[in-house]
Amino acid sequence: MTLVKQYVLFLLWLVLILYLSFTPLKSWPQPTIFQKLYIDKVVHFIMYSVLSFLLIRSMFRQQIKQLPRYEALLIAFIFSASVGVAVEFLQPMLTEYRKFEWMDMVANAAGALGGVFIFKWLLSRRKMGWKAAYRK
């Protein structure tokens, strides 16, 4: 049970991403095309940054606060980016109101990488509240 406890935030965020990715958003306000392109990509970046950050954080906490190895960082990036790629490919297959977008996939992968860098940066600055010393 403690293993699941470490991953609760990550799993909830993953479910939120999947829900928002496959739900019709017809009632949401429709901005102009320039605003939509900019805001949409920022939202994708942030969502997948948080996803990879929460995954690394969960792995870090589950390992009794040992410093994450590069394999863990790579796993978090690959998993998060793969979810983003899979969602983009599945949206047009599973829905009639969503379409595949290369730039969304790029924003998802960039966000996944961003989450890894944010975690490493916060850990190196000891901003996470954890006692583990970060060695470069």
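The values are calculated or read from the model by the stated rules, or taken from the named source; none is laboratory data. Small disclaimer: the values here were computed from a predicted structure and weren't measured. Using ideal geometry, Cβ is built from the backbone for each residue, glycine included, and neighbour counts are taken over all protein chains shown. With ligands, DNA and RNA removed, areas are computed over all heavy atoms of the protein, side chains included. Shrake-Rupley method; radii C 1.70, N 1.55, O 1.52, S 1.80 Å.
Here are a few things to note about the model shown:
- Pair list, Cβ under 8 Å, 6 or more apart: region 109-136 residue in a helix (DSSP H, G or I) and open to solvent by 50 Å² or more (accessible area, probe 1.4 Å), other residue of a type in the set (S, T, N, Q) and modelled with pLDDT of 95 or more: 113/52; 118/49
- When every residue of region 20-32 is checked against the conditions, at least one turns out to be at pLDDT below 90, closer than 24 Å to residue 86 by Cα, surrounded by 13 or more Cβ atoms within 10 Å (Cβ to Cβ) and in contact with a Leu (Cβ under 7 Å, 6 or more places away or on another chain).
- Filtered by the rule that a residue be β-branched (Val, Ile, Thr), touching a residue at least 60 places away in the same chain (Cβ under 8 Å) and over 19 Å from residue 9 (Cβ atoms), region 43-95 gives 87, 95.
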